[in-house]
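This report refers to the structure that appears directly beneath it.
The values are calculated or read from the model by the stated rules, or taken from the named source; none is laboratory data. Nothing here was measured: the structure is a model prediction, and the numbers come from that model. Please note: Cβ atoms are built from the backbone with ideal geometry, for glycine as well, and neighbour counts cover all protein chains shown. Quick note on the areas: whole protein, heavy atoms, side chains included, nothing else; ligands and nucleic acids left out. Shrake-Rupley method; radii C 1.70, N 1.55, O 1.52, S 1.80 Å.
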Amino acid sequence: MPGHQVRKDNNMKISDDLQAVLDAIKSAGGTATIVGGAVRDNILGYDPKDIDIEVSGTPMPALENALRASFKVDAVGRSFGVLKVTATEGEEPFDISLPRTESKTGQGHRGFTADVDPNLSFYEASARRDFTINAIGYDPQREWNLDPHGGIEDLEEGLLRHVGPAFAEDPLRVFRACQFAARFEFEICTETLEMCHSLQDELHELPKERLWEEFKKLLLKSKRPSVGLDALVSTGAISILPELKAMLHVDQDPEWHPEGQDHPLKSLWVHMGMVVDQAVRVLADDGIEDEEHRLVILLGALCHDLGKPATTEFGDGRWHAYNHEAEGVEPTLSFLARIGCPPSIVERVVPLVAQHLKPFQLFGSKAGNSAIRRLAVKVPLLDLCRVARADFLGRTTADALAMEDSRDVIETKWLLDKAEVLHVRDAAPESLLMGRHLIALGVAPGKRIGEIIAYSFQAQLDGIFEDEDGAIAWAKEFL
């Protein structure tokens, strides 16, 4: 994907805190080089964040003493030559490290040893990094970039290329390739794809916690997560994600899903990627910035059709996937557990998958108020409609393409308008009848109160009463 704009000047903005840390490093006899993502992002024109500094020319004790004289220092990885240094309370710490080499000693992400050597050259130390675009250094004293592996050229060409054999030291880098491909919409070069495939046997040993971090970045930091999802296929990483792998080569009815009919991975995979991309747009339209909330919607979009592989069949001249919403619950639970998704997110995603067709079904049947209230008990309607909007727009039908720039999909707007009148648009209905009402009516505290409240709530959902006075009147008649 050539044509990426890179900065023609090499200057990086150095904050006062960063300059103070650099001065302390110099006082210890060290030479500082800013490394990693901050350098990459600066070249791409983004504001650098998460500053990492590699220090050569001084041993760890001298460096640590100099930094502790002025800053808070957390020796989180002293054995790996890594310190976290906080210059101003409340600000993000700087990662300070000594150059090191890493040697492979066995399988898995822990199967290597690190040898810290403050006298290593930047070129030697950078050879252990994952991709060329992350192996660029910035010399803040001379104000120029150090690029021993051609990372700037790869940034210009939109290529993701591994630095060298050290890539194999950590199989998680296969998933990092996918999330970087998504974030920057870069093409993974052929030799890196081959390296990723060579690591297939080790992917099964990756801790869920590390997988989750990569999936979060893939979904949260990209405008088109579908690029990273496709990279799961091209790198072979999908081999340890059977729930996603099952979505490959599954047909859908061309009337409802013309997208991907001629694609080698078939319509269902293409549709799923389009829906996740549309979910990014929906979140932007609705101004959702909270990270966990965004993940709920994005994962709802990603998982919404996981039930289709098991339910898709051809009959009466067309493809069907009856009951795929309900059948999608189990593979959703399995997939989210496999990638280490926190339970607090899982419990919010599953109802979105199970109910994702309801906005269209209720609109089609012109459902009454009771059905809408009951749906609001099962799932937050605003979030459900966000996933449903993405599902509708993630297709190439004429109606979907015609509404591509619209926030109002007719079916979801109808449901939310109805829900607002019923006061369930923003929150699930709660029982109007309370235990204190029943006690006041002479019901003794105990199990019977809970049973009566449960009966009353069903009557409330059916619209038999709509306020507290109505609930009390219903209770009197019930008693």
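Using a probe of 1.4 Å, the accessible surface attributed to E313 totals some 100 Å² when neighbouring protein chains are kept in position. On a per residue basis, the chain carries 46 Å² of accessible surface, using protein heavy atoms and a 1.4 Å probe.
Between Q141 and N119, the C-beta separation translates, for a Förster distance of 25 Å, into a calculated FRET efficiency of about 0.85. Here the accessible area of segment 97-250 is 47 percent carbon and sulfur, with a 1.4 angstrom probe and all protein chains present. For the chain, the longest principal axis of the Cα atoms and the long axis of helix 343-354 meet at an angle of about 50 degrees.
The angle separating the long axis of helix 208-220 from the principal Cα axis of greatest extent in the chain is about 80 degrees. Each Cα pair under 8 Å and six or more residues apart adds its sequence gap; the mean of these over the residue count of the chain is a relative contact order of 9 percent. Within the set K221/K366; K366/K476; K308/K378, which residue pairs have Cα atoms separated by over 28 Å? Checking Cα-Cα distances, K221/K366; K366/K476 exceed 28 Å. Highest average first, the peptides 264-274, 160-170, 289-299 ordered by how many other beta carbon atoms sit within 10 Å of their residues are 264-274, 160-170, 289-299. Taking the charge dipole of the chain about its Cα centre, with +1 at Lys and Arg Cβ atoms and -1 at Asp and Glu Cβ atoms, the residue from A181, L433, I152 reaching farthest to the positive side is L433.
Roughly how many debye, to the nearest 20, is the charge dipole of segment 330-376 about its Cα centre, given +1 on each Lys and Arg Cβ, -1 on each Asp and Glu Cβ, and no other charges?
That gives segment 330-376 a dipole magnitude of about 220 debye.
The label-point distance for S70 and N323, in a model that sets each label 7 Å from Cα toward Cβ, rounds to 6.9 nm.
Just to confirm the filter: which trypsin sites (Lys or Arg not before Pro) across segment 121-155 are DSSP coil and have at most 13 other Cβ within 10 angstrom of their Cβ? Passing both the DSSP loop test and the Cβ count: R142.
Against the chain, whose longest principal axis is taken from its Cα atoms, helix 172-184 shows a tilt of about 80°.
Per residue of the chain, the DSSP helices (runs of n ≥ 4 H) give a summed -39500 (n - 2.57) that works out to -14000 deg cm²/dmol at 222 nm. Ligands, DNA and RNA left out, the accessible area of segment 32-78 computed with a 1.4 Å probe is 45% carbon and sulfur.
About its Cα centre, the dipole of the chain is roughly 880 debye, where the only charges are +1 on Lys and Arg Cβ and -1 on Asp and Glu Cβ.
Accessible surface of segment 322-438, 1.4 Å probe: 55 percent of it comes from carbon and sulfur atoms. Basic side chains Lys and Arg get +1 at the Cβ, acidic Asp and Glu get -1 at the Cβ, and with that the dipole of segment 214-316 about its Cα centre reaches some 500 debye.
Listed peptides 51-62, 86-97 appear in the order 51-62, 86-97 once ranked by packing, highest mean of other Cβ atoms within 10 Å at the front.
Of A231, V424, A87, whose Cα points farthest to the positive end of the dipole of the chain (charges on the beta-carbon: +1 Lys, Arg; -1 Asp, Glu; origin at the Cα centre)? Looking along the dipole axis, the top candidate is V424. Using C-alpha pairs under 8 Å with a sequence gap of at least 6, the mean separation divided by the residue count of segment 112-256 gives a relative contact order of 20 percent.
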